[in-house]
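The next block holds one structure in the form of structure tokens; read it before the comments.
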Amino acid sequence: MILSVSSSSSSSDYSAVDNTDQVARLQQQKERLEQQLQEVSQSKEDEKIKQQKIQLLQMRIQQIEAQIQQVKEAKNNKCNNSMSVTASANTSSIVDTLV
């Protein structure tokens with residue numbers, strides 16, 4: 001029983017690393033878009049085109065922020081689920097020992 005608990009924990013650790021990498025990639029995308037936003041804002045393009053580009057970049061940044069939030073929430077949910085599995089496995093182990 002204890003072996004399966006540590007196995008469960010290991011896969012959860014792997015998912016946490018995976019989520020961390022995903023968040024890092026999304027943060028990099030967001031930084032690039034923010035840099036583009038700054039460049040467009042400072043450009044000497046036609047004001048109408050400039051505003052359209054700014055709007056598109058801002059929408060994309062918001063989408064990435066939402067994705068980051070979803071990944072973080074999924075990570076938290078997995079951690080909470082992992083704790084429940086560990087507690088439940090520990091309880092089963094105690095019950096097995098008593099029986």
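Summary of computed values
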quantity: Neighbour-count order for Glu47, Glu65, fewest beta carbons within 10 angstrom listed first; calculated: Glu47, Glu65
quantity: Fewest-first sequence of Ile64, Ile54, Ile49 by Cβ atoms within 10 Å of each Cβ; calculated: Ile49, Ile54, Ile64
quantity: Förster radius 30 Å - calculated FRET efficiency between Lys72 and Glu45 (Cβ-Cβ, nearest 0.05); calculated: 0.25
quantity: Proximal lysines to Lys53, defined as alpha-carbon separation beneath 27 angstrom and excluding residues fewer than eight positions away on the same chain; calculated: Lys30, Lys44
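Quick note: the coordinates plus some simple rules give every number you see, no bench work behind them. Values in this document were obtained by computation on a predicted structure and should not be read as measured data. Glycine also receives a Cβ, built like all others from the backbone with ideal geometry; neighbour counts cover every protein chain displayed.
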